[in-house]
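Participant: Dumping the structure here so I can ask a few things about it.
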Amino acid sequence: MPLSEFTLRRRVMFHETDSAGIVHFSNYFRYMEEAEHALWRAAGISVASRGAKVGLPRVSAAFDYHRPLKFEDEFDARIRIVSIREKSMRYVCTLTKGDEQIATGAITVVCVSKDQDGVMKARPFPPDIASLFEVSAEAEATAGLTAGRRDT
């Protein structure tokens, strides 16, 4: 069954905080990427397998910060697929601590292959990868889409 979301539980490490004692803003992007990698592992593959014929560079990334995280805070990073196109995938990530929303972010990746000179070119997701993922039902309900639909 294709996956559409994953929740990763995490604890803030001391080295992730700044001099004000809160998580440095750049770490939120790492948390989102950790959740993305966990989603792919749950699907049975890696985002960067050795010898992979495709790569997934980020072409867009953003975060809105609502409340700070501090050292030792335990939180969840929930990542959901909100769009799958022929050559790209977009995720939304929500960081929560208990019932509190900490931050919301989004990231878009593009499937690429490299030629002999190392130049990347966008290409369709291979079918064996595309078949492992689907758009989140929650995202589809919000957008008024039909379940299982893939954007082209």
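The values are calculated or read from the model by the stated rules, or taken from the named source; none is laboratory data. These numbers come from a predicted model, not from an experiment. So basically every Cβ, Gly included, is an ideal-geometry build from the backbone, and we count neighbours across all protein chains shown.
Participant: Of all the strands (runs of 3 or more DSSP E) wholly in region 81-123, which have at least 3 residues that are of a type in the set (A, V, I, L, M) and either free of Cβ contacts under 8 Å to residues at least 40 places away in the same chain or crowded, with 17+ Cβ neighbours inside 10 Å (or both)?
Facilitator: Counting at least 3 such residues, we get 88-97, 100-110.
Participant: Another question, then. Test R9 against the stated conditions and say whether it is over 25 Å from V112 (Cα atoms) and part of a strand (DSSP E or B).
Facilitator: On the way: over 25 Å from V112 (Cα atoms): yes; part of a strand (DSSP E or B): yes.
In short, yes.
Participant: Scan region 126-136 for residues that are more than 16 Å from the chain's Cα centre (by Cα) and either surrounded by 14 or more Cβ atoms within 10 Å (Cβ to Cβ) or of a type in the set (G, A, S) (or both) and jot them down. Lay out the reasoning, then the answer.
Facilitator: Within region 126-136, the first condition is being more than 16 Å from the chain's Cα centre (by Cα), and the residues that meet it are 126-128, 131.
S131 - this is the single residue of region 126-136 that is more than 16 Å from the chain's Cα centre (by Cα) and either surrounded by 14 or more Cβ atoms within 10 Å (Cβ to Cβ) or of a type in the set (G, A, S) (or both).
Participant: Where residues in region 27-54 are assigned to a helix (DSSP H, G or I) and among the aliphatic types (A, V, I, L, M), which of them is surrounded by the fewest Cβ atoms within 10 Å (Cβ to Cβ)? Before you say what the answer is, go through the steps one by one.
Facilitator: So in region 27-54, the residues assigned to a helix (DSSP H, G or I) come out as 27-42.
Pick out the ones that are also among the aliphatic types (A, V, I, L, M) and you get 32, 35, 38-39, 42.
On the way: M32: 27, A35: 25, A38: 16, L39: 22, A42: 13.
Out of the qualifying residues, it is A42.
Participant: Still on this structure: Just checking, does region 39-59 include any residue being in contact with a strand residue (DSSP E or B) (Cβ under 6 Å, 6 or more places away or on another chain), more than 18 Å from I129 (Cα to Cα) and either modelled with pLDDT of 95 or more or not charged (D, E, K, R) (or both)?
Facilitator: yes
Participant: Sticking with this one: Could you check S49 against (1) touching a residue at least 24 places away in the same chain (Cβ under 8 Å); (2) out of contact with any Leu (no Cβ under 8 Å at 6 or more places or on another chain) and say which number it fails?
Facilitator: That leaves (1) as the condition not met.
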